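Values quoted throughout were computed directly from the atomic coordinates according to the rules given, and no laboratory measurement underlies them. None of the values given here were measured: they were computed from a predicted structure. Note that each Cβ is placed from the backbone with ideal geometry, even for glycine, and that neighbours are counted across all protein chains shown.
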Amino acid sequence: MNESIYKSIKSLPPLDETIIKIQKICSNDDSDIAELISVIHQDPMLTANILRSANSPLYGFSREINDVDRAVALFGMATIRGFALAGTVSKNFKINLTPYGISETQFMELATMQNALAFNWCNKIDRGLLNIISPASFMMDIGKIVIAKELIDSNKSDKFKSQIQSISTPIELYNLEIDMVGISSQMVTAQIFKNWNLEPEISNAIRYLLNPSDAPNNVKKHCIILNIISNSINIFGTLSQSQIDSSKELLDFYNLDVKSYLDAIEKVRN
């Protein structure tokens, strides 16, 4: 790994106390949602974020939700964990994504849309998949924050911005990152997760999301779904017709139901 990128990863702030508590609850099969709600009530910022998201049209709930306990029950433990991790990034990371041509606000909006698609889709096919996919979908692009810093510090930002204009897919971006800094944002994200002591399944789901065929069997389906989500919503566009068409080809290739994917897209679009 690029030495300066390795140092940047090691210097990232640790997870705060609220996240650590949520991590323990969500990774313990004997925990229940009441324990999670108790922790959330102690964090006003997280509570506000959950309620704001619950009332966002992206998640498709049919009525206004003013009670955080109700919101947590609707989202489930895995998605709440994703909200908590995303809040850590927003609060503790210095985000400058100039080399990628997007703002901090756009970056967080993309993460939320990716998670909303994951939530609506997995709820239709297998809610248990969200245990890995929900936190991963929120966080799949945080490696770009570290790579952007390396590009800026090494005076490669302008060259990267110039070359990114001629590409349009996540796999092309993967190759450009490898060419410019020797590591992809997916690999960086996986290493960040490892440093945070998140489950290896979440780390591997990110590491192999662009090449699911190489993924360990226990996360292969998760990688396939994350691959399609990444293909559908990324820095090059959000649910454009060309992105949807290419995602439908991936669904056919992996023998996944197209209708459930399209139904989830309609919820996010509405």
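Across the options Pro14, Ile50, Gln165, the greatest Cα extent toward the positive end of the charge dipole of the chain (unit charges at beta carbon of Lys, Arg, Asp, Glu) belongs to Gln165. Between Phe93 and Lys194, the simple spin-label model (points 7 angstrom out along Cα→Cβ) gives 1.8 nm.
Which shape class applies to the range 3-269: rounded if a/c is under 1.5, otherwise prolate when a/b exceeds b/c and oblate if not, where a ≥ b ≥ c are the square roots of the Cα gyration tensor eigenvalues? It is oblate, given that a/c is not under 1.5 and a/b is not larger than b/c.
If only the Cβ of Lys and Arg carry +1 and only the Cβ of Asp and Glu carry -1, the dipole of the range 1-160 around its Cα centre is close to 380 debye. For the chain, the relative contact order works out to 20 percent when only alpha carbon pairs closer than 8 Å and six or more residues apart are counted. Say R0 is 35 Å: what FRET efficiency, to the nearest 0.05, do Ala73 and Ile20 get from their beta-carbon distance? Once the sixth-power term is evaluated, E becomes 0.95. Can you compute the label reach from Ser213? Point 7 Å from Cα along the Cβ direction, backbone N cut-off under 16 Å, restricted to the range 159-203. From the range 159-203, the list is 171. Under 17 Å from a label point set 7 Å out along the Cα-to-Cβ vector of Tyr6, the amide N atoms of the range 170-186 belong to 181-184.
Residues of the range 125-151 falling in the label zone of Asn255, defined by backbone nitrogen less than 19 Å from a point 7 Å along Cα to beta-carbon, are 125-126.
The length gained on full extension between Ser154 and Ile167, counted as 0.36 nm times the residue separation minus their Cα-Cα distance, comes to 2.5 nm.
Summing charges over all other residues whose Cβ lies under 12 Å from the Cβ of Leu129, with Lys and Arg as +1 and Asp and Glu as -1, gives +2.
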